[in-house]
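The values are calculated or read from the model by the stated rules, or taken from the named source; none is laboratory data. These numbers come from a predicted model, not from an experiment. No Cβ is skipped: glycine too gets one built from the backbone with ideal geometry, and neighbour counts run over all protein chains shown.
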Amino acid sequence: MSGMDVQAYLDRIGYAGVPRVDLATLTDLHRLHLRAIPYESLDVLLGAPPSLDPASAYDKIVRRGRGGWCYEMNGLLAAMLRAIGFQVTEMAGAVLRAERGAITLGNHLLLRVDLDRPYLADTGFGDGMIEPVPMTPGAYRRGGFEFRVEALAEDGWLRFHNHAHGGAAYYDFQDRPADPGQLGDTCRWLSHSPDSIFTQTALAFRHGEGEVTSLVGRTLNRIRPGGRSSRLIATEREFVEILQREFGLDQPQAARLWPAICAKHEQLFGETAAS
């Protein structure tokens, strides 16, 4: 916790109460974290790949007002929860494991928080849950969206199902501490491989009241329980303005990413506009 001030984090997310080790505090912190801090992976494209060090995430997110991806968002949350007194376990997730196989192991970081029972906390899954859910298999409604935890037939594997309008449909995980070496290897692959989505285009997500705003390349989406609407971002200037207005990211240097973002969009969709 050297150099990491819990009160500065609470100020960053707008938490005004006295944190206690209980479900109400965990729920409030989780929700406020996602409303104040955007999920974003711009550093991968800008040539400054993120690390797994929670102190680095604290500096980036709390001191410099940025967002982060799963390793940073949940790494920071875990450090802050522990400082308050929560019992937290980092676990490795595997997004779309059934389709993509072993390469997915460790491509997500999530948290188990033990209270009256284990809870799944996850501020790093983009358009996922805004509040924690029990790790017990079942269906859960959070922020108007429906989620599900499923026990798989494979020994020890669980699956978190995202809501129906989410980007990534699910991730698998096991109820055991993550292997730091595996997380590090996968983090480096995601940061550098040309096959990683994070090296190919810009991604950002921000939770609001009853909706999630997402940016995927040059497409801006509004995701609500009833569906999603999308539109294309027209210009480099608009792209930078949207990062600021919608995600609180003052990143004028992101303008240099625009040609590659447009090229990737055309490769995937041609000139088809978002609907």
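Just a few scattered comments:
- For region 108-125, the criterion of being at pLDDT 95 or above, out of contact with any Lys or Arg (no Cβ under 6 Å at 6 or more places or on another chain), at positive phi and not assigned by TED's automatic domain parsing to the domain that holds P225 is met by none of the residues.
- All told, M4 meets the bar of being more than 16 Å from the chain's Cα centre (by Cα), surrounded by fewer than 19 Cβ atoms within 10 Å (Cβ to Cβ) and either at positive phi or of a type outside the set (S, T, Y) (or both).
- For region 91-144, the candidate set comprises residues that are among the polar types (S, T, N, Q) and in a loop (DSSP other than H, G, I, E, B); within that set, the residue that is farthest from H163 (Cα to Cα) is N107.
- The residues listed here are R12, R66, R31; of these, the one that is within 30 Å of V240 (Cβ to Cβ), touching a Lys or Arg at 6+ places or on another chain (Cβ under 6 Å) and of a type in the set (D, E, K, R) is R66.
- Among the residues of region 30-65, those identified as among the aliphatic types (A, V, I, L, M), closer than 14 Å to Y9 by Cα and under 15 Å from the mean Cα position of the chain (by Cα) are L32, L34, A36, I37, A57, I61.
- Enumeration of residues in region 156-170 that are free of Cβ contacts under 8 Å to residues at least 24 places away in the same chain and either surrounded by fewer than 18 Cβ atoms within 10 Å (Cβ to Cβ) or under 16 Å from L109 (Cβ atoms) (or both): G156, W157, L158, H161, A164
- Hits in region 32-65 - residues which are over 15 Å from G126 (Cα atoms) and in a loop (DSSP other than H, G, I, E, B): G47, A48, P49, P50, S51, L52, D53, R64, G65
- Per-region count, region 58-94, residues under 23 Å from D114 (Cα atoms), of a type in the set (G, A, S) and free of Cβ contacts under 8 Å to residues at least 60 places away in the same chain: 2
- In this entry, T123 is excluded by the filter for residues that are without any contact (Cβ under 8 Å) to a residue 24 or more places away in the chain and either out of contact with any Cys (no Cβ under 8 Å at 6 or more places or on another chain) or hydrophobic (A, V, I, L, M, F, W, C) (or both).
- Answer from F205, F198, F173 - the residue that is surrounded by 17 or more Cβ atoms within 10 Å (Cβ to Cβ), under 20 Å from G138 (Cα atoms), of a type in the set (A, V, I, L, M, F, W, C) and in contact (Cβ under 8 Å) with a residue 24 or more places away in the chain: F173
- A residue that is surrounded by 15 or more Cβ atoms within 10 Å (Cβ to Cβ), free of Cβ contacts under 8 Å to residues at least 60 places away in the same chain and among the aromatic types (F, W, Y) occurs somewhere in region 218-240.
- Pairs are defined by a Cβ separation below 7 Å, a sequence spacing of at least 6 or placement on different chains, a first member in region 6-29 that is more than 12 Å from M80 (Cβ to Cβ) and assigned by TED's automatic domain parsing to the domain that holds A55, and a second member that is modelled with pLDDT of 95 or more and among the hydrophobic types (A, V, I, L, M, F, W, C); the pairs so defined are G14/L32; G14/A36; V21/I84; V21/F86; D22/L115; L23/L115.
- Given (1) surrounded by fewer than 13 Cβ atoms within 10 Å (Cβ to Cβ); (2) in contact (Cβ under 8 Å) with a residue 40 or more places away in the chain, number of the condition A153 does not satisfy: (2)
- For the criterion of being over 27 Å from G106 (Cα atoms), outside the structural domain of E131 (by TED's automatic domain parsing) and among the basic types (K, R), R245 passes.
- Residues satisfying the stated conditions in region 1-57, i.e. over 27 Å from P118 (Cα atoms) and in contact with a Gly (Cβ under 7 Å, 6 or more places away or on another chain): E40, P50
- Scanning region 156-170 for residues that are outside any loop (DSSP other than H, G, I, E, B) and farther than 20 Å from N221 by Cβ yields a count of 4.
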